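Below is one structure, written out as structure tokens, with a few remarks after it.
The values are calculated or read from the model by the stated rules, or taken from the named source; none is laboratory data. Small disclaimer: the values here were computed from a predicted structure and weren't measured. So basically every Cβ, Gly included, is an ideal-geometry build from the backbone, and we count neighbours across all protein chains shown.
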Amino acid sequence: MPKSSVGAKRGSEIAEALKAHGFEVIVSPNPSNAMARANLRDFAAKAEGADLAFAMLIGHGVSWGGQTFFLTTNTEIGRAADLLSRALSTTNIAQIVGRAQTGGVFFFMTSPSFESPIEGLDARPQFTSDVPKNAVTVFSSSARIPVSRIDAAAEQAAEAVAKLLQQPGPSLNDLIKVAASGGMGAVFGRVDDVSLTKPAPAPSAIERPVASITPQPVSSVQKSEEPDGKLEAERRAREQAEARARDEQLRAERAQAEVLKAQADAKKAQADVEKAQADAERAKQEARRVEAQAQIAAAQAEDLRHASVASPVDDAQLGQKQRRLIQQRLRDLGLYTGPLDAIMGPLTREAIMGYQKSRNAAVTGYLTAEQFDALLPKGAQ
């Protein structure tokens with residue numbers, strides 16, 4: 001997916017502010033689908049029975065079928081139903097935060113751009129499922145915000161949340177209000193207002209020196225502390241190993257994504273070349289068609305020129321002898337059956353048309369000068 005306008009840096013700011021208030025935080029920048037689901041499993045285990053549990057989602061999202069989905073960096077969607085396996089449902093995440101005494105899902109949702117529109121997807125949030133009674137789901141946008149302003153609303157809400165959490169003693173209601181873009185976003189569910197700052201542990205009613213209750217040698221104390229220190233070191237080593245494994249997996253997934261992108265770019269380039277070749281071939285065919293039309297038009301113009309030059313002979317300018325000779329010549333050719341009366345009547349016209357047909361000339365019944373000379377050579381005239 002293309003990058004969201006709300007960067008991972010803003011998520012780090014929110015994470016550090018939550019840590020300062022006593023929260024244990026899991027940060028997953030630019031996660032793939034597998035990495036995000038693995039982190040959610042870790043989060044679910046920690047949320048079980050906790051006082052407060054929050055899931056902060058920053059990035060692209062779409063809605064379909066009454067649910068809103070968070071899109072990971074390697075999300076590929078060909079149809080709306082692909083969201084069920086290739087994206088994260090905020091409805092399911094709300095069920096996870098509901099394992100704590102009080103929980104919340106906060107989605108600073110930006111709008112992705114797809115190369116091809118996908119039927120059924122909506123850029124605005126939807127949440128038609130039952131909300132856990134102890135959890136609230138908050139979106140930075142809603143139907144009251146134009147689609148063109150969704151990204152800006154998410155940026156402003158994320159910035160406002162970071163600033164709020166950096167203040168001493170923020171409350172849950174304040175967090176919900178600023179995350180919902182000051183009331184312009186969407187809020188599903190209600191929870192009691194609580195402070196987001198972990199209270200300091202209460203002092204014991206009677207504070208006595210340890211030695212007055214269970215005195216023990218210094219060597220014994222050192223021996224009891226040694227296993228605890230070893231366990232702590234092992235825990236840290238395990239966490240570091242897990243963090244390195246996640247980093248390696250993330251780098252591998254990024255490399256795979258780059259390879260897939262390069263392959264997609266190569267396919268697109270090949271498609272562009274094939275399209276250009278097809279366009280060139282169509283252009284050649286069109287040029288040949290235009291050239292053929294021009295040749296036909298030129299031939300027609302030449303025929304018209306010849307037709308205009310070949311004007312018919314005026315019968316009135318012919319003598320009786322010439323007209324009778326024409327009848328005689330047409331009779332010799334088997335075309336005229338009438339008397340040799342020198343009258344250019346219907347029978348003579350019909351014979352002339354037969355003569356013109358035999359020469360593949362225009363059939364008019366009137367001899368052209370060329371046809372007259374061919375029928376009656378100069379000596380015969």
### Query
Inside region 54-70, can you point out the residues that are in contact with a Pro (Cβ under 6 Å, 6 or more places away or on another chain) and within 26 Å of E16 (Cα to Cα)?
H60
### Message
Taking the conditions exactly as written (under 20 Å from N173 (Cα atoms) and assigned to a helix (DSSP H, G or I)), does L40 satisfy them or not?
### Response
no
## Note on the structure
Going through region 334-353 in order, the residues found to be surrounded by 13 or more Cβ atoms within 10 Å (Cβ to Cβ), free of Cβ contacts under 8 Å to residues at least 24 places away in the same chain and not in a helix (DSSP H, G or I) are L335, Y336, G338, L340, D341, A342, I343
### Task
Could you tell me whether region 85-101 includes any residue that is closer than 22 Å to A257 by Cβ and touching a Lys or Arg at 6+ places or on another chain (Cβ under 9 Å)?
yes
### Query
When you scan region 106-148, how many residues do you find that are out of contact with any Ser or Thr (no Cβ under 8 Å at 6 or more places or on another chain) and assigned to a helix (DSSP H, G or I)?
1
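Which one is nearest to R86 (Cα to Cα), of the residues in region 41-56 that are surrounded by fewer than 19 Cβ atoms within 10 Å (Cβ to Cβ) and aliphatic (A, V, I, L, M)?
The residue in question is A44.
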### Query
Under the condition of being touching a residue at least 24 places away in the same chain (Cβ under 8 Å) and in contact with an Asp or Glu (Cβ under 9 Å, 6 or more places away or on another chain), which residue from region 73-90 is surrounded by the fewest Cβ atoms within 10 Å (Cβ to Cβ)?
R79
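Taking the criterion of being surrounded by fewer than 18 Cβ atoms within 10 Å (Cβ to Cβ), touching a residue at least 60 places away in the same chain (Cβ under 8 Å) and either more than 29 Å from the chain's Cα centre (by Cα) or outside the structural domain of T91 (by TED's automatic domain parsing) (or both), would at least one residue in region 158-167 satisfy it? Outline the logic, then answer.
Going residue by residue through region 158-167, those that are surrounded by fewer than 18 Cβ atoms within 10 Å (Cβ to Cβ) are 159, 163, 166-167.
Filter again for touching a residue at least 60 places away in the same chain (Cβ under 8 Å), leaving 159, 166.
If we keep only those that are either more than 29 Å from the chain's Cα centre (by Cα) or outside the structural domain of T91 (by TED's automatic domain parsing) (or both) as well, we get 166.
Yes.
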